[in-house]
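Taking it in order: structure first as structure tokens, then the write-up.
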Amino acid sequence: MPDEFSKIPAALKSCNARLAIVLGSGLGPFAESLNSQTVIPYGDIPGLPVSKVPGHAGRFLVTEMAGHPILIAQGRVHLYEGWTSGEVTRSVRLMHQIGITTLILTNAAGSANPEFPPGEWMMLSDHLNLTGQTPLHGGPNFFDMSEVYSRDLRTAFRSQATRLGMPLHEGVYAALPGPQYETPAEIRMLRTLGADAVGMSTVPEAIQARALGLQVCAFSCLTNWGAGLSEGTLNHEEVSETGRHAANALVNLLHATLPEVS
Ligand code: HPA
């Protein structure tokens, strides 16, 4: 799509990063753990949608890790805000256009697996696209999706997690459009369908990235039990708070693994 972005800021265009990380709700501490950053608000890029959800900053950061430039997308837009799948994946097409070849996606998710407790991380082995949308609607058609989440990247992250002694689950993420959380019956259904975690993002971005030939890896911060798996009710503040507490473990994992894969 050559005309999708009429004006890409020079700092982004010439950043030379090959690897980008999309930070979901509450993962700001990762951005704060890196220094010498160039900040480019999404609002400075004509055509890029900007989120209004608390906890989603909405800016690119260009920074460096182990001598390599990396790009951080802090905050994303969601289907439940009213954006289409094509709109929520504009940033992925932009990142591809400026030369990104590896995309790490992060999100907050509810656990649908009794063995995956809140506060811990799950690396996606696969997904269920239950959003009812795809960014590829209208073409290009028939993309192979048999390995959306790179086996090589998963192996690299897995071995560093083991070395760090970090619990890292691996499982299937079900993406729903939201914005409401699920009912207990829906969580039972999702579990029956093979989901280990459930959330409202990531899958459109992963589909778009694969269609553009990017290598993808994704992580869910399990912020709460899915509805019906615990006594309590769910709320966004609690989800964000758990995300903030769990962020450190992923920060350490990224610091340990990225030099190897970027
Ligand atoms: N369901 C859907 N999305 C979520 C959840 C959940 O329980 N927690 C965080 N994001």
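The values are calculated or read from the model by the stated rules, or taken from the named source; none is laboratory data. Keep in mind the model is a prediction, meaning the values are calculated, not measured. Backbone-built Cβ (ideal geometry, glycine too); neighbour counts: all protein chains shown. Note: accessible area is taken over every heavy atom of the protein model, side chains too, but ligands, DNA and RNA are not part of it. Shrake-Rupley method; radii C 1.70, N 1.55, O 1.52, S 1.80 Å.
Do we have any residue at all in the range 180-197 that's within 9 Å of the ligand (Cβ to nearest atom), surrounded by fewer than 16 Cβ atoms within 10 Å (Cβ to Cβ) and part of a helix (DSSP H, G or I)? Among the residues of the range 180-197, not one is within 9 Å of the ligand (Cβ to nearest atom), surrounded by fewer than 16 Cβ atoms within 10 Å (Cβ to Cβ) and part of a helix (DSSP H, G or I), which makes the answer no.
Remark: LEU27 falls outside the filter, which requires a residue to be modelled with pLDDT of 80 or more and open to solvent by less than 10 Å² (accessible area, probe 1.4 Å).
Which residue, of SER220, SER240, is within 10 Å of the ligand (Cβ to nearest atom), of a type in the set (Ser, Thr, Tyr) and within 14 Å of the chain's Cα centre (by Cα)?
On the way: SER240 fails: within 14 Å of the chain's Cα centre (by Cα).
Going through SER220, SER240 in turn, the sole match is SER220.
If you check PRO135, PRO204 for being more than 16 Å from the ligand (Cβ to nearest atom) and of a type outside the set (Phe, Trp, Tyr), only one passes: PRO135.
Residues that are within 13 Å of the ligand (Cβ to nearest atom) and at pLDDT 95 or above within the range 147-178 comprise TYR173, ALA174, ALA175, LEU176, PRO177, listed in sequence order. Restricted to the range 225-241, and to residues there that are crowded, with 16+ Cβ neighbours inside 10 Å and modelled with pLDDT of 80 or more, the residue that is nearest to THR183 (Cα to Cα) is ALA227. Figure legend. Inter-residue proximity from the range 217-239: first residues farther than 20 Å from THR202 by Cα, second residues of a type in the set (Val, Ile, Thr), beta-carbon distance below 8 Å, spacing 6+ or different chains. Indicated pairs: ALA227/THR183; ALA227/ILE187; GLY228/THR183; GLY228/ILE187; LEU229/ILE187; GLU238/THR223. Total residues in the range 146-188 satisfying the condition of being of a type in the set (A, V, I, L, M, F, W, C) and more than 19 Å from the chain's Cα centre (by Cα): the figure is 4.
Among the residues of the range 106-129, those that are within 12 Å of the ligand (Cβ to nearest atom), over 18 Å from PHE157 (Cα atoms) and in contact with a Phe, Trp or Tyr (Cβ under 9 Å, 6 or more places away or on another chain) comprise ALA109, GLY110, SER111, ALA112, PRO118.
Among the residues of this structure, SER159 counts as one that is out of contact with any strand residue (DSSP E or B) (no Cβ under 9 Å at 6 or more places or on another chain) and either buried (at least 19 other Cβ atoms within 10 Å of the Cβ) or among the polar types (S, T, N, Q) (or both). The set of residues in the range 244-262 being farther than 16 Å from MET166 by Cβ and open to solvent by less than 80 Å² (accessible area, probe 1.4 Å) consists of PRO259, VAL261, SER262.
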